[in-house]
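First the structure, in the form of structure tokens, and then the observations on it.
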Amino acid sequence: MAGFRLPPEDSELPQANRPALAPSDLVSDDDRSIAADSWSIKSEYGSTLDDDQRHADAADALLSSGNFRTAASDYSSDKEVPDADGVGSLLGLQSYWDAAYADELANFHEHGHAGEVWFGGDVMETLVCWTKSLCLELSQGHLPTDVNDIKEEPQDDKYLPSWSVLDLGTGNGLLLQELAKHGFSDLTGIDYSEGAIDLARSLAYRDGFTNFKFLVDDVLETKLDQQFKLVMDKGTLDAIGLHPDGTIKRIMYWDSVSKLVAPGGLLVITSCNSTKDEIVQEVDEYNQRGGGASIEAEAPKDPEAAREPIFRYLNHVRSYPTFMFGGSVGSRVATVAFLRN
Ligand SMILES: C[S@@+](CC[C@H](N)C(=O)[O-])C[C@H]1O[C@@H](n2cnc3c(N)ncnc32)[C@H](O)[C@@H]1O
């Protein structure tokens, strides 16, 4: 499925009626030349032996699973344009994001603009309220697996400070700000684009959020050796999947993220490129491989533990605006929560 992007939140159209834009609609000549550069410069990934090995492991796992549409070898060259609408992959390249955040940083310094709210303000508000309810239910020993388990009425926030939060691919960091406004206080954001982290830091400082932690870091080869009770991803797996090697990188993503979520912790993924069922299926496949990018992962010490899935589907947001397409009703955005065993 090609990537698309909703317009920024200041669009005058209500979200349900906004047109979904193909990346090609948004790509300027400058963007194209940036992309052209990035085809010829090997991407920042894959420069070390370890990483090459992880790539090879992920490719092995991919080929052995037989469930993925694209074989690793399809994308042997960064110069190849991988999908029919080619430009979809621009959003998978770090050079794209570096250029985008250089513009957004300039806009911030000149006009004070915060930049894009990906998927719009309504989605962000719904996502944060819903996630907060999940966390509060879990804190009280409940397993909120059903739609009715998510309470919308105000709840006691006293449990929230114990939830360490990591936002993967934080961009301008506005999701962290929204989480802070709803009572979370231990907040960390990472992004592989230095410009994104500069922007997120500047905005947080301007808006009075002085306790956020930010780090320039690639989710796929993270420097973090800490685990978090809540890991959020809004649009980052989508971007990773749009890399020319996106299918392999998605496998590496699960491997990396499984190490970042603390046992018993929560992973909340928001996507516009995958449906809830597709995300759940991807996680099932990861679980079936026994975790890890390598199909020859170390034999688990405890055979009982081997039968435990790494991530368990918990719940998903049902209240996003829906639209009708080809006789089916759907929503443009999916948010799914998984519990880490
Ligand atoms: C669609 S934007 C979403 C930004 C932010 N999460 C939001 O909702 O506003 C995707 C973000 O992921 C970041 N990103 C993509 N791949 C990444 C990776 N491998 N490691 C860290 N950040 C990544 C990009 O720089 C970009 O900020």
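Since every read-out is calculated from the coordinates, none of them should be taken as a lab result. None of these values were measured; they are calculated from a predicted model. Please note: Cβ atoms are built from the backbone with ideal geometry, for glycine as well, and neighbour counts cover all protein chains shown.
A crude spin-label estimate for the pair Asp146 and Leu215, with each label 7 Å from Cα along the Cβ direction, gives 4.0 nm.
Cα centroids of the stretch 158-234 and the stretch 264-294: 21 Å apart. Listed by Cβ neighbour count within 10 Å, with the fewest neighbours leading, Arg318, Arg289 appear as Arg318, Arg289.
Determine the shape class of the stretch 176-297: with a ≥ b ≥ c the square roots of the Cα gyration tensor eigenvalues, call it rounded for a/c under 1.5, and otherwise prolate if a/b is greater than b/c, oblate otherwise. The shape class here is prolate.
Rounded if a/c is under 1.5, else prolate if a/b beats b/c, else oblate: with a ≥ b ≥ c from the C-alpha gyration tensor eigenvalues square-rooted, which is the stretch 156-230? Before the final figure, lay out each step's value.
Values: a/c = 2.49, a/b = 1.24, b/c = 2.01.
Oblate shape, in that a/c is at least 1.5 and b/c is the bigger or equal ratio.
Fewest to most neighbouring Cβ within 10 Å: what's the order for Val283, Val268?
With the fewest neighbours first, Val283, Val268 line up as Val283, Val268.
Modelled label positions at Arg312 and Lys223, each set 7 Å beyond Cα in the direction of Cβ, lie 3.6 nm from each other.
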